[in-house]
Amino acid sequence: MLVIRIYMGIAICMAAQAHASPIDCSKASTRVERQICSNELILRLDQAVDRNYQGSSGSEIGSQARQHLIRTQRDWLKKRNACRDATCIEEIYRARVNALCEYPVFQGVNWGCAIRSEDIQ
């Protein structure tokens, strides 16, 4: 039982590390974070990524899909942080907003999708 709790704790920590919380613009320190904070559209996309990530990660998607979700979130953050301009950042965000809607549910009811990128203008 202790081993299960340890693994669950590790999984929760990993999920938290991969999660892209909405940008706190008062603490924006990188070039990309400052670009996000200066663009209302990208800020709305940032909030949508957060909502969709929370919906996906809170669903019964199964352990393999959850591991994939965490891995792809980390990869997405690297791609986002490599962007040089607002156009790139917007494209990366729009793709991630929609990709998060596509995670299948392992059991139970599909969480649906909080928001699709085409709904954000």
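At-a-glance table
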read-out: Extension reserve of the Ser21-Ser63 stretch, reckoned as 0.36 nm per residue once the Cα distance is removed; value: 12.9 nm
read-out: Proximal charge balance of Gly62 [Cβ under 15 Å; K/R count +1, D/E count -1]; value: 0
read-out: Net charge contributed by nearby residues that have their C-beta within less than 14 Å of Ala114 (K/R +1, D/E -1); value: -1
read-out: Net charge, Pro104 excluded, C-beta distance under 12 Å - Lys, Arg +1, Asp, Glu -1; value: -1
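Bear in mind that the values in this text are calculations on the coordinates, not laboratory data. Everything quoted here is computed from the prediction, not taken from an experiment. All Cβ positions, even for glycine, are placed from backbone atoms using ideal geometry, and neighbour counts span all protein chains on display.
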